[in-house]
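In what follows, a structure is listed as structure tokens, so that the remarks can point back to it.
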Ligand code: HEC
Ligand code: HEC
């Protein structure tokens with residue numbers, strides 16, 4: 001009786017595992033989703049005042065990622081600082097070159113991308129490319145005027161940049177937390193420049209975008225009400241960092257817990273392997289279910305949970321195998 005119930009449970013779990021694996025395979029294959037590109041009717045006048053204002057914002061906000069030291073222009077470059085678990089990143093060529101840069105983009109297409117993160121072909125720019133949710137319309141126009149100007153930083157440079165390669169994690173995150181921002185439906189006025197505090201707040205929240213880096217977690221940023229971001233300006237935005245020893249210990253523990261639960265003991269090495277595989281399964285399940293993994297305690301639980309899911313179907317199989325394949329009684 002117990003065996004039959006176990007078999008049914010194992011069957012259900014196996015179907016679940018297959019469904020999760022299938023979903024992940026699909027996400028990995030299809031990549032970051034695309035979205036319908038917006039049509040924005042905008043024509044920005046390129047005046048010296050706008051270009052000067054735009055240059056300041058671009059130097060503050062964009063140059064760190066897009067500045068190519070070889071040409072001294074915004075022709076893009078590799079971004080080795082993006083943590084490896086997100087894949088490899090390369091910033092785009094945003095000089096005025098018509099083919100490899102953004103020389104053929106309309107003002108409206110640039111505005112839509114900078115506000116929402118969606119390119120003119122519908123592709124979403126990766127999470128680490130900035131999205132300007134709250135910058136004033138005037139400052140946004142200044143940026144566009146600058147990108148269109150004859151400033152040496154944006155002179156046409158022919159340089160085809162490879163697209164960033166996204167990891168499965170980035171692709172999953174881009175379906176769960178990192179999504180296009182809505183294009184504003186009402187005008188966004190400039191702050192009162194005479195009120196120094198209001199202006200400073202605008203810099204931190206909208207024009208210089210200090211708050212995403214200086215809060216607790218990029219995945220828990222509130223773009224429109226920055227104060228509601230997790231740990232707003234409290235710092236500590238660290239990447240989960242596990243050294244190898246930790247990984248092995250957590251893996252072994254999780255594998256052991258799972259082996260006890262499904263009553264199939266095996267050696268330490270197999271425990272580590274089962275635990276680590278389990279941590280991948282558990283990790284994705286936790287993400288899919290919006291279950292936060294914080295600290296090593298819940299890390300081990302998630303890993304053990306994943307390992308149990310992994311072992312359960314296996315635990316039923318040997319019963320159908322010939323005697324010699326059965327585990328020796330202990
Ligand atoms: C933290 C790094 C980072 C910052 C800051 C940043 N970008 Fe980007 N940008 C990227 C990356 C990475 C891509 C996309 C590359 C890819 O898809 O492979 C990108 C793509 C773009 C594109 C799309 C170009 C195309 O051909 O598809 C434009 C336009 C752009 N950025 C403009 C800007 C502007 C303007 C700013 C400042 C307001 C800015 N970026 C700030 C990293 C950054
Ligand atoms: C791309 C991410 C990023 C952005 C954007 C950013 N910072 Fe930082 N900031 C950091 C990091 C990382 C450190 C810590 C450097 C270290 O500890 O060596 C830092 C350090 C600082 C410090 C020093 C704090 C201390 O205790 O030493 C101040 C002040 C600061 N930032 C203010 C700002 C302001 C103001 C802005 C917006 C104009 C801003 N930051 C934008 C990442 C960022």
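Is it fair to say residue 150 is free of Cβ contacts under 8 Å to residues at least 60 places away in the same chain and closer than 20 Å to residue 108 by Cα?
Yes.
With respect to the conditions (1) more than 16 Å from ligand 2 (Cβ to nearest atom); (2) at pLDDT 95 or above, residue 90 lacks only one, and its number is (2). Is there a residue in segment 65-75 that is touching a strand residue (DSSP E or B) at 6+ places or on another chain (Cβ under 6 Å) and assigned to a loop (DSSP other than H, G, I, E, B)? Yes, some residue in segment 65-75 is touching a strand residue (DSSP E or B) at 6+ places or on another chain (Cβ under 6 Å) and assigned to a loop (DSSP other than H, G, I, E, B). Have a look at 192, 223 and point out the one that is away from ligand 1 (no atom under 15 Å from the Cβ) and either assigned to a loop (DSSP other than H, G, I, E, B) or surrounded by 11 or more Cβ atoms within 10 Å (Cβ to Cβ) (or both). The match here is 192. Selection of segment 118-137 for residues being in contact with a helix residue (DSSP H, G or I) (Cβ under 8 Å, 6 or more places away or on another chain) and over 18 Å from residue 33 (Cα atoms) yields 132, 133, 134, 135, 136.
Comparison of 48, 80 shows that the only residue that is surrounded by fewer than 12 Cβ atoms within 10 Å (Cβ to Cβ), under 27 Å from residue 237 (Cα atoms) and either under 31 Å from the mean Cα position of the chain (by Cα) or assigned by TED's automatic domain parsing to the domain that holds residue 97 (or both) is 80. Within the option set 73, 57, 95, being touching a helix residue (DSSP H, G or I) at 6+ places or on another chain (Cβ under 6 Å), within 16 Å of ligand 2 (Cβ to nearest atom), assigned by TED's automatic domain parsing to the domain that holds residue 184 and more than 14 Å from residue 162 (Cα to Cα) holds for one residue only, 57. Summed over segment 90-135, residues that are outside any loop (DSSP other than H, G, I, E, B), within 26 Å of the chain's Cα centre (by Cα) and more than 8 Å from ligand 1 (Cβ to nearest atom) total 8.
List pairs: first in segment 118-142 and more than 21 Å from residue 207 (Cβ to Cβ) and in the same structural domain as residue 174 (by TED's automatic domain parsing), second near ligand 1 (Cβ under 8 Å from one of its atoms) and modelled with pLDDT of 95 or more, Cβ under 7 Å, 6+ apart or cross-chain? Filtered contacts from segment 118-142: 119/113; 120/105. Every test in (1) surrounded by 15 or more Cβ atoms within 10 Å (Cβ to Cβ); (2) within 16 Å of ligand 2 (Cβ to nearest atom) is passed by residue 200 save one, and that test is (1).
Screening residue 138 on (1) buried (at least 17 other Cβ atoms within 10 Å of the Cβ); (2) assigned to a helix (DSSP H, G or I) shows it passes everything except condition (1).
The values are calculated or read from the model by the stated rules, or taken from the named source; none is laboratory data. This structure is a prediction, so every number in the text was calculated from the model and none was measured. Cβ atoms come from the backbone with ideal geometry, glycine included; neighbour counts cover every protein chain shown.
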